[in-house]
1. Could you work out the Rg to Rh ratio of region A:123-168, with Rh taken as the Kirkwood radius (inverse of the mean 1/r over all Cα pairs)?
2. When the label point is put 7 Å from the Cα of B:ASP281 along its Cα-to-beta-carbon vector, which residues of region B:307-333 have a backbone N closer than 15 Å?
3. Figure the gain on full extension for A:GLU120 and A:HIS181 (residue separation times 0.36 nm, minus the Cα-Cα span) and round it to one decimal in nm.
4. Let me spell out the model: positive unit charges on the Cβ of Lys and Arg, negative unit charges on the Cβ of Asp and Glu, origin at the Cα centre of chain B. What dipole size does that give, in debye rounded to 20?
5. What FRET efficiency, computed as 1/(1 + (r/R0)^6) with R0 = 35 Å and r the Cβ-Cβ distance, is obtained for B:ASP69 and B:GLN184, rounded to the nearest 0.05?
6. Please compute, for peptide A:146-156, the average count of beta-carbon atoms on other protein chains lying within 10 Å of each residue's beta-carbon.
7. Treating only the Cβ of Lys, Arg, Asp and Glu as charged (+1, +1, -1, -1), what charge dipole size does chain A show about its Cα centre? Round to the nearest 20 debye.
8. Once the dipole of the protein assembly as shown is set up with Lys and Arg at +1 and Asp and Glu at -1 on Cβ about the Cα centre, which of B:PRO103, B:TYR29, A:ALA79 lies farthest towards its positive end?
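Just so you know, all these numbers are worked out from the coordinates, no wet-lab data involved. Computed from a predicted structure; not experimentally measured. FYI the Cβ positions are ideal-geometry reconstructions off the backbone, even for glycines, and counts take in every protein chain you see.
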Amino acid sequence: MKKYQCMTLIAAGLSLAISSASALEGDAQAGKEATVMCVACHQGDGGGMNIPKGESWPALSGLDADYMYKQLQDIKSGARESVTMKAFVSTLTDKQMRDVSVYYSQLPAVAGKGGEDVTEEELAHGEKLAMQGDWDRYIVPCKSCHGPNNQGAGQHFPGIAGQHAGYISDQLHAWKKGKRHNDPQHLMLAIAERLDDNDIRAVSAWLSRQPAQ
Amino acid sequence: MRNRTFLFAQAIAGAVALSASAVQADIQYPVNNPQPKEGQYVHVPPTMEDLEKTEFHPELKRVIRRGYDLFMNTQQLRGKNVFNSMNCSSCHMGEGRLPFAGPVWPAAVILPNYRPKNDHVNNLEERIAGCFSFSMNGQPPEYGSDDMIALAAYHQWLAKGVPIYSSGKNMYGRGYPKLAEPEQKMDYQRGKKVYEENCMICHSSDGSGLVQNGKEVFPAVWGDRSYNWGAGITRHFTLSSFVKHNMPLGQPNTLTDQQAWDVAYYINSHERPQEPRYTGDVKETREKYLDTFHVHTNYGLKVEGRLLGDHKNTGEKDFLKPDVLRPRTYTAD
């Protein structure tokens, strides 16, 4: 009986691993070797860093590989503007971009930061936006695209739970200001432009405190 | 309350861009729903926050909250009452409160009333049972069951303040108001292009939607996990209006009417579970319910070389027709 349970667990674990594995082909080991210049900001564990009042470095560990690969491609082509990243990405070959994406996607997620200094009221507001939305302002809930518990859905909608608050906030402001526009069909832009500063602060803080996996 | 109501009316009418703020002047995706017409009845349904502020008995609040939970996460009834990927809120957007998105409060005040689809007087519970039978390809919760009462209670909460037996004829944003007839005849190939450019990213190239970690994220729009051939949204005028006013998510009213008609035609030219009123012959079934329903669908028609609905596939459920779908005479037994 015990053996059977153990086998079932292993089987379940395997199928979980298979179903969550990305379609992107890449060599994680080669990817790890290519991250020598990534780790300065994104850290050895891929957890990145929340930097209050500065440019936060996003957590990459556990993110969808296809999503990361597309972001790297977009930064390289200029479709996504990032002064900081552009210099590094331009040195990566297409194979290296695939490899590092697969490598980071397989790392265990690290807890997000930046959501410490908020009131209970703000957290409640952030949770409402993330889980129920505010339809009176046509703000659809984050989870309707970003998936169960906002941990990501497919290759187009990245996990945002457990991401650093500073990074989420930076990106939402970038969309609002028209500085980021590489989202498919501008699905994110349409929502971001309906958010005000308080909404962004609240939802970023709440999301950063949720488990990424 | 007054302020919130005002904001809501502004947002739903898509007038946000008209406010003075410079940021809002640059809005690229205004909601743009039609404004209320002169003399139309406008009702702003209360929210769940409003419920907490009422003097209702705590037990009543609990039951309405249960109804809300069932409405938003109907998948908790998967395999029992729901046999596809849908939630009530998949079609009735914005918690069932949103105009032009099948807001559910009208059902609570128009019913009981005569309904052509089943040719007898329906009350609210029977109307909800219709959604379960067709749109959820399922088995409705029993009349008078805890779940049915809770769902009905949530509908009635949203209708708070609206007179019972109101006329449904002049309600702002009721149902999915029919778009103007398309300029060009609906077209499968044009619809396919609209689908691939606007819908496929979420609903997938094969219409199956997206399941993530075992949870439904984007509902299936055709196939075994979608609504069956008897669902109201298989009618082109219903789906085209739903799409126009609600899709892509967060970007209502961005497709042209023609695009909405074409994509509705495309989606509803794919296979889905059998119509629960199937007689065993698709042509006969189409004919039997032609005037009241199928004149607006592709069921039993040949599209792109395939006769649609000519099968015995009931999707995830192992029965064709729930027992509760039955005629009523309201005469002494």
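1. Result for region A:123-168 is an Rg/Rh of 0.98.
2. So the set is B:310-311.
3. 18.7 nm
4. Dipole magnitude for chain B comes out near 320 debye.
5. Calculated value: 0.20.
6. That average works out to 4.
7. 420 debye
8. Of the options given, the answer is B:PRO103.
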